[in-house]
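Reviewing the structure listed below.
The values are calculated or read from the model by the stated rules, or taken from the named source; none is laboratory data. Every value quoted in this text rests on a predicted model; they were computed, and no experiment measured them. Reconstructed Cβ throughout: ideal geometry from the backbone, glycine too, with neighbour counts over all protein chains shown. Calculation scope for accessible area: heavy atoms of the full protein, side chains included, ligands and nucleic acids excluded. Shrake-Rupley method; radii C 1.70, N 1.55, O 1.52, S 1.80 Å.
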Amino acid sequence: MKNFDNYFTKKWQLQKIKPLPKSPFTHNLLFSALSSRYNCAVILKIFPSRKDFLHEQRALEYFNGIGCAQLIDYDTEKCGLLLEEIKPGTQLSTFFPREEDKATEYAAQVIKKLHSKPLAASQFKNFPKINNWLNLLNTFKDDKMSPILLQKAQTLAQKLLNSQGDLYLLHGDLHHENILKHNDSWIAIDPKGVIGELAYEFGAFIRNPIPALLEQRNPLEIMLNRALHFSTAFGINKQQILEWSFVQAVLAACWAIQGNSQSPDYWIKIAQMLNNQF
Ligand SMILES: Nc1ncnc2c1ncn2[C@@H]1O[C@H](COP(=O)(O)OP(=O)(O)OP(=O)(O)O)[C@@H](O)[C@H]1O
Ligand SMILES: [Mg+2]
C-alpha cells in the first residue's frame, strides 16, 4: 500500500485491504477491507476530484442507507469515503440480456426506495441541478457531434426543464453497474446527487449496459420496453421518459468527447435510435 492509503488504514483500522478492479471510465480508487474501528466489511473509495467527493458524500448522507449503500464515515481532507460493503454485490448488469424484465423491475424498486419524497426546499442549496449539467448542450461544439442531434437535444432539454414536476435528489447515474445485489434485494451505489424531476432518473438505466445493449438484435425495442415499464410503475408519461433518455444520451456523448477518455460513438448511436421516435 502507498503512504496515501496508510493514512486511511490507520484512521479506520483497516485490514485485509484489496484493490477492486478499476473500470476504464474512472479516476477513483476503490478497496475492499475489514474495519476493526467499525467492526464490519467496508469499501474505501478515494477521489482525486474534491467536487466529485463532496457531491457523492452529500448524496449518500441524504439517502442515509435507504435504497443506497450506507456511508459509514468520510475524510474531507483526503477525499475518502468509507462505505458498507454490499454483499454479495453482484452487479445488475449480470441479468442482462437474459433476465431483462426482472432487471428493469429491480431497478424500479431501487428508484422507488430512493425517491419516496421530493427534496425539501431547504436542501436545494446543497446540490447541483440538472440545469447545470444540461447547460453544456448550449455551448458544446465539436466535429464529432452531429449538429442536428445537438440542436434537438437543446430544444427538448429546454422544453423538459420548463415543465419539470416536483424536484427530487436524483442518483443521476443509475445504470446496471451502480445497482448491486444486497442480500435478497438490490441497492444503489455511486450517487452523483443532482436535483431534477423524477422522469430524469430512468435515462441512465434505459441506455445501458454499455456496450452489451447495442450488441443485441433489438436495442431500440429493449429501450422502449423499459420506458413503458417505468411509465407504468411510476405513472409518468412514457414520451417524457424517452425524451429525457435522448437528451441524456446526447449529453453523455458530449461528456465523452470533452473528457477525451471514451469514444462517444455508443451514446451517439443510442441518441440516433431514440431520435427516430420523436
Ligand atoms: N459499497 C460497495 N459494496 C460492494 N461493492 C462496491 C461498493 N462500492 C463499489 N463497489 C464495486 O466497485 C465498482 C465501482 O464502484 P463505483 O461505481 O462507486 O466507482 P466509480 O469510481 O464511480 O466507477 P465507475 O465510473 O465505473 O462508476 C462497483 O460497480 C461495484 O462493483
Ligand atoms: Mg459506478
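Annotation: of all residues in segment 43-64 being touching a residue at least 12 places away in the same chain (Cβ under 8 Å) and surrounded by fewer than 15 Cβ atoms within 10 Å (Cβ to Cβ), the one that is farthest from Ile130 (Cα to Cα) is Pro48. In the set Leu224, Leu198, Leu180, only one residue is within 16 Å of ligand 1 (Cβ to nearest atom) and either in contact with a helix residue (DSSP H, G or I) (Cβ under 6 Å, 6 or more places away or on another chain) or in contact (Cβ under 8 Å) with a residue 24 or more places away in the chain (or both); that residue is Leu180. Counting only residues that are open to solvent by 40 Å² or more (accessible area, probe 1.4 Å) and of a type outside the set (Ser, Thr, Tyr), which one in segment 133-142 is nearest to Ala69 (Cα to Cα)? Within segment 133-142, the match that is nearest to Ala69 (Cα to Cα) is Trp133.
Scanning segment 232-243 for residues that are touching a Phe, Trp or Tyr at 6+ places or on another chain (Cβ under 6 Å) and touching a residue at least 60 places away in the same chain (Cβ under 8 Å) turns up nothing. Each residue in segment 183-195 was checked for being out of contact with any Asp or Glu (no Cβ under 8 Å at 6 or more places or on another chain) and either within 11 Å of ligand 1 (Cβ to nearest atom) or open to solvent by less than 30 Å² (accessible area, probe 1.4 Å) (or both), and 6 of them qualify. Considering only residues in segment 6-42 that are open to solvent by less than 40 Å² (accessible area, probe 1.4 Å) and touching a residue at least 60 places away in the same chain (Cβ under 8 Å), the one that is nearest to Gly259 (Cα to Cα) turns out to be Phe8. When Gln158, Gln123, Gln154 are checked against the criterion of being farther than 24 Å from Gly193 by Cβ and assigned to a helix (DSSP H, G or I), a single residue qualifies: Gln154.
Meeting the requirement of 3 or more residues that are within 20 Å of the chain's Cα centre (by Cα) and surrounded by fewer than 24 Cβ atoms within 10 Å (Cβ to Cβ), the helices (runs of 4 or more DSSP H) wholly within segment 199-278 are 219-234, 238-259, 265-275. Restricted to segment 143-177, and to residues there that are of a type in the set (Asp, Glu) and loosely packed, with under 12 Cβ neighbours inside 10 Å, the residue that is farthest from ligand 2 (Cβ to nearest atom) is Asp143. Scanning segment 216-247 for residues that are more than 22 Å from Thr155 (Cβ to Cβ) and basic (Lys, Arg) yields Arg217, Arg226. Of all residues in segment 121-132, those satisfying the criterion of being open to solvent by less than 50 Å² (accessible area, probe 1.4 Å) and hydrophobic (A, V, I, L, M, F, W, C) are Phe127, Ile130. Scanning segment 114-138 for residues that are touching a helix residue (DSSP H, G or I) at 6+ places or on another chain (Cβ under 7 Å) and aliphatic (A, V, I, L, M) gives Leu114, Ile130, Leu134, Leu136, Leu137. Of the helices (runs of 4 or more DSSP H) entirely within segment 1-116, those holding at least 1 residues that are within 16 Å of ligand 1 (Cβ to nearest atom), assigned by TED's automatic domain parsing to the domain that holds Phe230 and aromatic (Phe, Trp, Tyr) occupy 100-114.
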